[in-house]
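See structure below.
The values are calculated or read from the model by the stated rules, or taken from the named source; none is laboratory data. Quantities reported herein were computed from a predicted structural model and do not represent experimental measurements. In this analysis, Cβ positions are derived from the backbone assuming ideal geometry, glycine residues included, and neighbour counts consider all displayed protein chains. Calculation scope for accessible area: heavy atoms of the full protein, side chains included, ligands and nucleic acids excluded. Shrake-Rupley method; radii C 1.70, N 1.55, O 1.52, S 1.80 Å.
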Number of protein chains: 2
Amino acid sequence: MRNCKRELRINKEKMSKLERLFKPRKIAIVGASEETGKIGRVLVDNITKLGYSGEVFFVNPKHQELFGKKCYAKLSEIEGEVDLAIISVPAKFVPEVVQEGASKVKNFVIISAGFSEVSAEGKKREDALLQFAQEHDLNILGPNCLGFIVPNMKLNASFAGGMPEAGNVAFVSQSGALAVAIMDIARKDNIKFSHIISVGNKMQIDETELLEFLDKDEKTKVIAMYLEGIKDGKRFIETARGISKPIVILKAGKTEKSQKAISSHTGALAGSDEIMTTIFDQTGVLRAENLEEFFSLIKLISNIEVPKNSGVAVITNAGGPGVLTTDAFRGMKIELVNLAPEEKDKLRAFLPEESSVENPIDLLGDAGEERYEKALNVLEEIDGVGSIFCVLTPQDQTPVDKIADKIIAFGEKTDKNVATIFIGGERVEAAIEKLKDSAITNFMFPDQAVKTLNDYFAWGARKQDKKDILLAEVDAERKKKVLDLIEKAKEEGRTALFFSEASRAMALYGVKCINIWGEADLTNIQYPVVVKVDSDKVLHKTDKQGLILGIKSEEELLKSIGIIKNNFPGENFIIQPMLERKTEIIVGIKDDSIFGPIVVFGLGGIYTEVFKMVDFLLPAFNKASIREKIMNSKIQFLFQETRGQKAYDLEGMVDILYGISFLAHEIPEIKEFDINPILIYNDGRGAIAVDVKIVI
Amino acid sequence: MRNCKRELRINKEKMSKLERLFKPRKIAIVGASEETGKIGRVLVDNITKLGYSGEVFFVNPKHQELFGKKCYAKLSEIEGEVDLAIISVPAKFVPEVVQEGASKVKNFVIISAGFSEVSAEGKKREDALLQFAQEHDLNILGPNCLGFIVPNMKLNASFAGGMPEAGNVAFVSQSGALAVAIMDIARKDNIKFSHIISVGNKMQIDETELLEFLDKDEKTKVIAMYLEGIKDGKRFIETARGISKPIVILKAGKTEKSQKAISSHTGALAGSDEIMTTIFDQTGVLRAENLEEFFSLIKLISNIEVPKNSGVAVITNAGGPGVLTTDAFRGMKIELVNLAPEEKDKLRAFLPEESSVENPIDLLGDAGEERYEKALNVLEEIDGVGSIFCVLTPQDQTPVDKIADKIIAFGEKTDKNVATIFIGGERVEAAIEKLKDSAITNFMFPDQAVKTLNDYFAWGARKQDKKDILLAEVDAERKKKVLDLIEKAKEEGRTALFFSEASRAMALYGVKCINIWGEADLTNIQYPVVVKVDSDKVLHKTDKQGLILGIKSEEELLKSIGIIKNNFPGENFIIQPMLERKTEIIVGIKDDSIFGPIVVFGLGGIYTEVFKMVDFLLPAFNKASIREKIMNSKIQFLFQETRGQKAYDLEGMVDILYGISFLAHEIPEIKEFDINPILIYNDGRGAIAVDVKIVI
């Protein structure tokens, strides 16, 4: 995160090169072959026979001619410039090919497998290749990848067959097989692509660089990625935050077992799944939970804009499916709009008496296309309705095709989002084809439809909130004060700050700590108090009787101090007031191996371990965004008035997380940090940190 | 529940009649017509043109002949017996038709709408019809229904077109439109039916009677139902408990909004959704959360037996989909089996080096049918593998059809469950068709596959547990003792028991209550104590200062008693020891309008309202089943050793719920019951009820 400005600059320089890589006018195929079944042959066929209009060169030292055309022994022999070289030769020859060709061509796609994914030797080969690429300013996609496809150029620079339709979905895949399967499903589902890019081992070009590139690409409306790991977490965060296009990511590897499957598969670092979700949420990425959601999101988003409000209307020709659709709204942020009496009257004006003019609007089983059309026209006038689902079951008297036509016509003229839920098989097939061609998304089942629209809407709302998030400047003065404390502790041979020091550091970040007294203050103490040892050498205070609670008099206190001194000779101790422990919060910083420091917060107290009511926060420097995060966290209930309980101080909690975000950002020198507990109250007493651990 | 024996007997008598209804040899169509578009015409066509071999009579007073055959004016005019009359005449004429025909025919399907679903007048008509039916021992399906279809008799006694394939799925639908849609989807998905039955208003024949009938039906393997309400909850419970076939129910109406949509739709009483889930769980019903799950469950269950163990193996030709499949196992009861070293060796023997022999077993992208076959043969020998998923993505070199053939062949010889996840579009279509024809279920996505198999397995395990659940005998002596207490309180004009009385009642059901002292015991009291008013007139004790805590001496106690007496002149009060409140449980009985008494239990204390950690228990008279319920409840964490916490006494909790189950069963006279709190400890102190409310 800290070096992001430099990195962003580098990305910009690279961008034009990626453009040349993905829009090449001249392509060399290294390892081109006439032999059927060889990848070199498939590449030639895909590039030359599917409509690509650029120039193609064959490179293969074994041939002087291929397909009746000149074949070069080396890349360097080709006359004039080459935009892109696609390499499909055995892994051991790849370095040589790249080195030899580097003077002629800067962009490579390495199809060949046999690198870091197979063995230590392969890893060494890949590392050396990367170093060469960096030194010579090359751009390499792969190795161990399928290649890429740009349908609007009719360019299939991959060894997967076929040419998908040109459209607005960019699909980046860390699994070649999945890319092939998705292209096959897409054909059926009418998903159209701007790019399909297989990233393979992500040696050099990774998801983040592709995000940058695809964000600038005019043809791309939605960026869809299947990922098994994020290569550079900090750079990913900065890049994703800055992108306004929808990014849909299917991130595999949710469990230990699947992470194991990944490591035997491509060796990607999978990362903690919950933190991944936090990062995606806070950077405006739509996370698909599974392959089905991934498709649903891609389909819908490629067809519609973000719903302009949360209001949805449902029209149906069948009661049961209407009820099932209503059920699907449970727990969603989008909602069924309540229709006003005059709006219901407009519906009643043309509907039979037995119809329901509540939302879902039941047009009845004998509804023809006119009822759908008229109902849609009534809804068109209602501002609160941002989206409309048209549900249909093919009853014997249902003119399915004509209804589809009316919906398509309405979809063309309205600003609202329209999607359909045509439930059936053969009887609805033709109509669904029509709908697809008109960019109206059909869902087979109500739950998919509602969940997908909801996710898109929620993403839009979050993205809006994120617009004003900027990177924080470091407060150098404050930082120096904390570093001085750390320096002093280190000089004294300690690995942690004393509570008094930690307390001073916390004050700089707006977190109030509990008072402490020392031995000198005995006459000023207000009882009851606790005594505890304050030392980096004593981690679990209660285990070794380093903590004595409920001390009510000076006599007891002196006795307790004696015990502590006896248990921990030569160690520091502190005296604190014994506060009422009603509700306890814990806050900490976790240093994630992929994404860097992440703030952790949750409920403390006896059930901490059991309820696991903990959330993660990517350090945020914007109070509105922290507030929203808290109100969507597991402890949001504390900040809402509930039966028998006044709300706790939300702004106090916001200030704490704001402060700790800055701490995480400014002082990477801290190795471990947590406050456990912070006592919070809902009677005006505010929040107070009782124990702060700063390991250095 | 209480009258179930009598009712079960009645059901048995009815059964043979339902058999006659659904296997009629002679059918009369009342309202038969030659006019195209009329339901009477559709019925004639469906019954006479789709292969039904029984005798058909037309009844319509307006005609003497229809389709060149005699047409009767009345049912009674038909010579000989009639098994079934299907009525499609305007609602107002229906009662007349039934009354007139009752001497000739006992079984009716009333297609006509215009009854309780439309108006108060319609409701009256339906009530009268039901009374007549009961008095004359008739069986009526409907009114306001689609009819029914029995494919293996080629009998379509409905106004939905077509003849589904004959198979083992019985589908009962409370929505006619959904039945039509499902038949249409089923055609595509190769789902085959023993019966399709539209129940309409469920005036007389309801889901429970159909459960009984379909359980006995030899052709039916799985009973699938779309329901918007359960008509007779207690009868449903008893019947469902006794059925060993899988029952899959899609129960609509999860939210208030959808219940509203239902009431405007068929007027079914939707019921509390969470209780519905409890009932389904405890009676061995598989609840489908949505239409997609419903289909997946029906498809899979119609093809396979319950998995014999939780072990699953996955073989795949692509890493990415393998990882996604692994992800799908998160939180499931089925699990990926760990392969033994010698099993891995067997796989290594024929797989390329880069393959993964962990589970999922990655056969690599160039896998042909032999690798699938050999891998399956290795798995066949592993007892811990109860089920196998074959994942496939159609890569260019993948012989999809041949692989399908090998899987089909393996499926025919193995005892293990085999299902496929062929991910793709056109390239896998033909193979999927083959698989369908061979009763191998294909899922389009890994998550569906894993979730569906898991639900089936979990159902099987639950069903096994349920086998020894019997109805409890009432303990008449105990019952009398409690009734005496209630009687006495009523005589004294009270609406609730005193704590001392409630405490005695609780002792009879094995729940230990806290000691109490009265004014007379002052000298024996051990402090600290609490004083509280004990009266049916004071519901919220704390609001009116009816509860004083932390009394440490006799002086304080006398003062406190004075306050209470002053606040509540003439009321009873009690003195209790003040116990340490570490963990609190609440237990109560909810009288559900559909299912009768339901035991409620959960976490008490400050977060009761917030965490809503409450579960429901259908009164259970079997400790094993209660134990299992607790260990699957929201408070199961209390009964497991966790970091920093010893486990609480599970058997103590089982005893309490066992006792309260009997209380709910034996004393329906109790109007409201709860214990709040029961204090529980994990240091051998056991559980103790502090406050018991018994409203009579």
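Where residues in segment A:34-56 are within 17 Å of A:PRO90 (Cα to Cα) and touching a residue at least 60 places away in the same chain (Cβ under 8 Å), which of them is least open to solvent (accessible area, probe 1.4 Å)?
A:LEU43
Restricting attention to segment A:508-515, does a residue exist that is surrounded by 16 or more Cβ atoms within 10 Å (Cβ to Cβ), at pLDDT 90 or above and part of a helix (DSSP H, G or I)?
Yes - at least one qualifying residue is present in segment A:508-515.
In segment A:552-575, which residues are buried (at least 17 other Cβ atoms within 10 Å of the Cβ) and of a type in the set (A, V, I, L, M, F, W, C)?
Of everything in segment A:552-575, those that are buried (at least 17 other Cβ atoms within 10 Å of the Cβ) and of a type in the set (A, V, I, L, M, F, W, C) turn out to be A:LEU557, A:ILE561, A:ILE564, A:PHE568, A:PHE573, A:ILE574, A:ILE575.
Would you be able to say whether some residue in segment A:174-196 is in contact with a helix residue (DSSP H, G or I) (Cβ under 9 Å, 6 or more places away or on another chain), touching a residue at least 12 places away in the same chain (Cβ under 8 Å), within 20 Å of A:GLU96 (Cβ to Cβ) and part of a loop (DSSP other than H, G, I, E, B)?
no
Might you check whether a residue that is under 29 Å from A:ASN168 (Cα atoms) and in contact with a Gly (Cβ under 8 Å, 6 or more places away or on another chain) occurs anywhere in segment A:298-305?
yes
Among the residues that make up segment B:298-310, is at least one of them closer than 23 Å to A:LEU250 by Cα and open to solvent by 40 Å² or more (accessible area, probe 1.4 Å)? Even if it seems obvious, please write down each step before you answer.
So the first thing to find is which residues in segment B:298-310 are closer than 23 Å to A:LEU250 by Cα, and the list is none.
The answer is no; no qualifying residue exists.
I need the full set of residues from segment B:353-370 which are open to solvent by 40 Å² or more (accessible area, probe 1.4 Å) and closer than 22 Å to A:ALA113 by Cα, in order please.
Just the residues of segment B:353-370 that are open to solvent by 40 Å² or more (accessible area, probe 1.4 Å), to begin with: B:353-354, B:358, B:366, B:370.
Within segment B:353-370, B:GLU353, B:GLU354, B:GLU358, B:ASP366 meet the criteria.
Taking segment B:41-67 as the search range and keeping residues that are of a type in the set (D, E, K, R) and not in a helix (DSSP H, G or I), which one is farthest from B:ILE111 (Cα to Cα)?
Per the criteria, the residue is B:GLU65.
Confirm whether B:LYS346 is touching a Ser or Thr at 6+ places or on another chain (Cβ under 7 Å) and assigned to a helix (DSSP H, G or I). Full working, then the answer.
Working: touching a Ser or Thr at 6+ places or on another chain (Cβ under 7 Å): no; assigned to a helix (DSSP H, G or I): yes.
No, not satisfied.
Need the failing condition index for B:VAL323 against (1) over 28 Å from the mean Cα position of the chain (by Cα); (2) more than 9 Å from chain A (Cβ to nearest Cβ), just the number.
In the conditions (1) over 28 Å from the mean Cα position of the chain (by Cα); (2) more than 9 Å from chain A (Cβ to nearest Cβ), B:VAL323 misses (2) alone.
So is A:GLU207 more than 22 Å from A:LEU43 (Cα to Cα) and buried (at least 24 other Cβ atoms within 10 Å of the Cβ) or not? Before you say what the answer is, go through the steps one by one.
Working: more than 22 Å from A:LEU43 (Cα to Cα): yes; buried (at least 24 other Cβ atoms within 10 Å of the Cβ): yes.
Yes, satisfied.
Inside segment A:675-690, can you point out the residues that are at pLDDT 90 or above and open to solvent by 20 Å² or more (accessible area, probe 1.4 Å)?
Residue satisfying the conditions is A:ILE688 alone.
Of A:SER264, A:SER272, A:SER296, which residue is under 27 Å from B:ALA449 (Cα atoms), modelled with pLDDT under 95 and either touching a His at 6+ places or on another chain (Cβ under 6 Å) or within 11 Å of chain B (Cβ to nearest Cβ) (or both)? Can you show your working first?
Numbers: A:SER272 fails: either touching a His at 6+ places or on another chain (Cβ under 6 Å) or within 11 Å of chain B (Cβ to nearest Cβ) (or both); A:SER296 fails: modelled with pLDDT under 95.
None of the others qualify; the one that does is A:SER264.
Can you say whether A:VAL337 is closer than 25 Å to A:GLN448 by Cβ, aliphatic (A, V, I, L, M), in contact with a strand residue (DSSP E or B) (Cβ under 8 Å, 6 or more places away or on another chain) and open to solvent by 10 Å² or more (accessible area, probe 1.4 Å), as far as the supplied structure shows? Steps first, please.
Values: closer than 25 Å to A:GLN448 by Cβ: yes; aliphatic (A, V, I, L, M): yes; in contact with a strand residue (DSSP E or B) (Cβ under 8 Å, 6 or more places away or on another chain): yes; open to solvent by 10 Å² or more (accessible area, probe 1.4 Å): yes.
Spelling it out, A:VAL337 is indeed closer than 25 Å to A:GLN448 by Cβ, aliphatic (A, V, I, L, M), in contact with a strand residue (DSSP E or B) (Cβ under 8 Å, 6 or more places away or on another chain) and open to solvent by 10 Å² or more (accessible area, probe 1.4 Å).
Conditions tested, residue by residue: (1) touching a residue at least 60 places away in the same chain (Cβ under 8 Å); (2) touching a strand residue (DSSP E or B) at 6+ places or on another chain (Cβ under 7 Å); (3) in a strand (DSSP E or B); (4) of a type in the set (Asp, Glu).
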site: B:LYS124; (1), (2), (3), (4): no, no, no, no
site: B:GLN134; (1), (2), (3), (4): yes, no, no, no
site: B:ILE140; (1), (2), (3), (4): yes, yes, yes, no
site: B:ILE149; (1), (2), (3), (4): no, yes, yes, no
site: B:GLY161; (1), (2), (3), (4): yes, no, no, no
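Hey, among B:ASP437, B:ASP447, which residue is open to solvent by 30 Å² or more (accessible area, probe 1.4 Å), in contact (Cβ under 8 Å) with a residue 60 or more places away in the chain and within 13 Å of chain A (Cβ to nearest Cβ)? Full working, then the answer.
Values: B:ASP437 fails: within 13 Å of chain A (Cβ to nearest Cβ).
The conditions single out B:ASP447.
If you check B:LYS451, B:LYS463, which single one turns out to be over 14 Å from B:SER387 (Cβ atoms) and either within 21 Å of the chain's Cα centre (by Cα) or not hydroxyl-bearing (Ser, Thr, Tyr) (or both)? Steps first, answer last, please.
On the way: B:LYS451 fails: over 14 Å from B:SER387 (Cβ atoms).
It is B:LYS463.
Could you tell me whether any residue of segment B:481-491 is within 29 Å of B:ARG287 (Cβ to Cβ) and free of Cβ contacts under 8 Å to residues at least 12 places away in the same chain?
Taking segment B:481-491 as the starting set, the residues that turn out to be within 29 Å of B:ARG287 (Cβ to Cβ) are none.
Looking through segment B:481-491, none of the residues is within 29 Å of B:ARG287 (Cβ to Cβ) and free of Cβ contacts under 8 Å to residues at least 12 places away in the same chain.
Starting from residues that are open to solvent by less than 20 Å² (accessible area, probe 1.4 Å) and not small (Gly, Ala, Ser), keep the ones in segment B:153-177 and report whichever is nearest to the other protein chains (Cβ to nearest Cβ).
Ranking the candidates gives B:GLN174 first.
When segment A:381-434 is examined, which residues are found to be more than 12 Å from every other protein chain (Cβ to nearest Cβ), surrounded by fewer than 16 Cβ atoms within 10 Å (Cβ to Cβ) and in a helix (DSSP H, G or I)?
A:ASP401, A:LYS402, A:ALA409, A:GLU412, A:LYS413, A:ALA430, A:GLU433
All but one of (1) of a type outside the set (Phe, Trp, Tyr); (2) at pLDDT below 95; (3) touching a Gly at 6+ places or on another chain (Cβ under 9 Å) hold for A:GLU473; state the number of the condition that does not hold.
The one condition A:GLU473 does not meet is (3).
Listed residues A:VAL378, A:VAL323; which is more than 30 Å from B:CYS145 (Cβ to Cβ), touching a helix residue (DSSP H, G or I) at 6+ places or on another chain (Cβ under 9 Å), of a type in the set (A, V, I, L, M, F, W, C) and not in a strand (DSSP E or B)? Steps first, answer last, please.
Numbers: A:VAL323 fails: more than 30 Å from B:CYS145 (Cβ to Cβ).
Result: A:VAL378 is the single residue among A:VAL378, A:VAL323 that is more than 30 Å from B:CYS145 (Cβ to Cβ), touching a helix residue (DSSP H, G or I) at 6+ places or on another chain (Cβ under 9 Å), of a type in the set (A, V, I, L, M, F, W, C) and not in a strand (DSSP E or B).
Can you tell me which residues in segment B:335-355 are within 13 Å of chain A (Cβ to nearest Cβ) and more than 18 Å from B:LEU376 (Cβ to Cβ)?
Listed by number, the residues that qualify are B:GLU335, B:ASN338, B:GLU353, B:GLU354.
Considering only segment B:57-84, how many residues are open to solvent by less than 10 Å² (accessible area, probe 1.4 Å) and in contact with a Lys or Arg (Cβ under 8 Å, 6 or more places away or on another chain)?
7
Residue under question is B:VAL385, and the condition is that it be touching a strand residue (DSSP E or B) at 6+ places or on another chain (Cβ under 7 Å), more than 24 Å from A:MET183 (Cα to Cα), modelled with pLDDT of 95 or more and not basic (Lys, Arg); does it hold? Before you say what the answer is, go through the steps one by one.
Working: touching a strand residue (DSSP E or B) at 6+ places or on another chain (Cβ under 7 Å): yes; more than 24 Å from A:MET183 (Cα to Cα): yes; modelled with pLDDT of 95 or more: yes; not basic (Lys, Arg): yes.
In short, yes.
Among the candidates A:LYS202, A:LYS234, A:LYS221, which residue alone is crowded, with 22+ Cβ neighbours inside 10 Å, under 20 Å from the mean Cα position of the chain (by Cα) and among the basic types (Lys, Arg)?
Numbers: A:LYS234 fails: crowded, with 22+ Cβ neighbours inside 10 Å; A:LYS221 fails: crowded, with 22+ Cβ neighbours inside 10 Å.
Matching residue, one of A:LYS202, A:LYS234, A:LYS221: A:LYS202.
Residues checked against (1) more than 20 Å from the chain's Cα centre (by Cα); (2) of a type in the set (D, E, K, R):
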position: A:GLY284; (1), (2): no, no
position: A:PHE295; (1), (2): no, no
position: A:GLU305; (1), (2): no, yes
position: A:VAL312; (1), (2): yes, no
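Let me spell it out: the conditions are (1) closer than 29 Å to B:ALA120 by Cβ; (2) not in a loop (DSSP other than H, G, I, E, B), and A:VAL312 meets all of them except one. Which number is the exception?
(1)
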